[in-house]
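Each remark here refers to the structure printed beneath this line.
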Amino acid sequence: MSDDAGAVRAAVLALHRRTGLPVVFGGVVCGADRIRISELVGNTTDSLHGLAVRQGSGLGGKAMALGRPVWVSDYPRASTISHDYDGPVGREGLLSVVAVPVVVRRNVRGVLYGALREPLSLADRVVAAAVDAARDLEQDLAVRDEADRALARPPAVAPGAADWEEVRAVHAELRGLAEKTSDPEVRERLLAASSRLAAAGLGERRPAGPLLSPRELDVLAQVAVGCTNAEAARRLGLLPETVKSYLRSAMRKLDSHTRLEAVTAARRAGLLP
């Protein structure tokens, strides 16, 4: 499922909207010690497209090596970076440039850049926006990683029957991850996978159950694996009182008086595994 380049593309577009910088670009890791620039907005040449930036070289390479943002206001005259890439940077006419590494679990996964064609100091808000975009991208990549692991983990199988506790745990995990990603395609795939798990035990039987909202189903999925309201709130990024409200609403729709009755009714309806 993971597509780092696609995620970087979305981050580049978001950074361009937030800052209004004339040139924004970025790339993902393409080896042990380098990134390849693949996503550009506002460029007038192809000089940077496909450029491989080595760790420690140039502005982006320095950001990779340090693991923190770096910027210069006059790229060709900057004494704090190496000048391995002066040719392609110069052909694009970039002078003031910021580079922010994208770090997930201590591993650099990419670099985001923003640039001006004038030798001006970048405003603090612009640098902060670039950092925020990188942090958003880091979170998105981390969620994608977790989703890939969850989807790749097959349910344990006992002789003749699935281990339903494992199935239910994976189902709850997938729904929780779906709410953490900003990528709508990833969210839809996670929710679709969770729905397939929910229907796995029904075979050809497809009873018509009550229509629960996505959040009501998220809460019930956490309750089904033994979470308290507080634990469900933490996993879903909600307040405990909000979890209680969703749970009450789901119980009412399922004509249930207890949490256990609600979970049982949702399973019978094929809403939960």
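The values are calculated or read from the model by the stated rules, or taken from the named source; none is laboratory data. What you are looking at is a predicted structure, and each value in this text was computed from that prediction instead of being measured. Don't worry about glycine lacking a Cβ; one is built from the backbone with ideal geometry, like all the others, and counts go over all protein chains shown.
Between a residue in region 251-273 that is under 15 Å from Val225 (Cα atoms) and any residue that is aromatic (Phe, Trp, Tyr), which pairs come within a Cβ distance under 8 Å, given they are 6 or more apart or on different chains? Once the first residue is under 15 Å from Val225 (Cα atoms) and sits in region 251-273, its partners that are aromatic (Phe, Trp, Tyr) give Pro273/Trp164.
A single member of Gly42, Gly60 is at pLDDT 95 or above, touching a Phe, Trp or Tyr at 6+ places or on another chain (Cβ under 7 Å), closer than 25 Å to Leu141 by Cβ and among the small types (Gly, Ala, Ser), and it is Gly60.
Residues Arg105, Arg77: which one is closer than 19 Å to Thr181 by Cα, out of contact with any Phe, Trp or Tyr (no Cβ under 6 Å at 6 or more places or on another chain) and loosely packed, with under 13 Cβ neighbours inside 10 Å?
That would be Arg105, the only listed residue that is closer than 19 Å to Thr181 by Cα, out of contact with any Phe, Trp or Tyr (no Cβ under 6 Å at 6 or more places or on another chain) and loosely packed, with under 13 Cβ neighbours inside 10 Å.
Would you check if there is a residue in region 80-101 being closer than 23 Å to Glu146 by Cα, crowded, with 17+ Cβ neighbours inside 10 Å and either touching a helix residue (DSSP H, G or I) at 6+ places or on another chain (Cβ under 8 Å) or of a type in the set (Ser, Thr, Tyr) (or both)? Looking through region 80-101, at least one residue is closer than 23 Å to Glu146 by Cα, crowded, with 17+ Cβ neighbours inside 10 Å and either touching a helix residue (DSSP H, G or I) at 6+ places or on another chain (Cβ under 8 Å) or of a type in the set (Ser, Thr, Tyr) (or both).
For region 54-72, the candidate set comprises residues that are among the aliphatic types (A, V, I, L, M), closer than 16 Å to Asn107 by Cβ and crowded, with 16+ Cβ neighbours inside 10 Å; within that set, the residue that is farthest from the chain's Cα centre (by Cα) is Ala65.
One residue is enough: does region 224-234 have a residue meeting the conditions modelled with pLDDT under 90 and under 17 Å from Arg196 (Cα atoms)? Yes, the conditions are met somewhere in region 224-234. For Arg168, state whether it is modelled with pLDDT of 75 or more and surrounded by 17 or more Cβ atoms within 10 Å (Cβ to Cβ). The answer is yes for Arg168. Kindly evaluate Ala150 against the criterion of being at pLDDT 80 or above, within 19 Å of the chain's Cα centre (by Cα) and part of a helix (DSSP H, G or I). When the stated conditions are applied, Ala150 does not pass them.
Looking only at region 238-252, decide whether some residue is modelled with pLDDT under 85, in contact with a helix residue (DSSP H, G or I) (Cβ under 8 Å, 6 or more places away or on another chain) and more than 25 Å from Gly6 (Cβ to Cβ). No, every residue in region 238-252 fails to be modelled with pLDDT under 85, in contact with a helix residue (DSSP H, G or I) (Cβ under 8 Å, 6 or more places away or on another chain) and more than 25 Å from Gly6 (Cβ to Cβ).
Taken together, Asp46, Asp74 contain a single residue that is over 18 Å from Glu118 (Cα atoms) and either acidic (Asp, Glu) or touching a Pro at 6+ places or on another chain (Cβ under 6 Å) (or both), which is Asp46.
Restricting attention to region 24-39, the residues that are surrounded by fewer than 21 Cβ atoms within 10 Å (Cβ to Cβ), aliphatic (A, V, I, L, M) and part of a strand (DSSP E or B) add up to 1.
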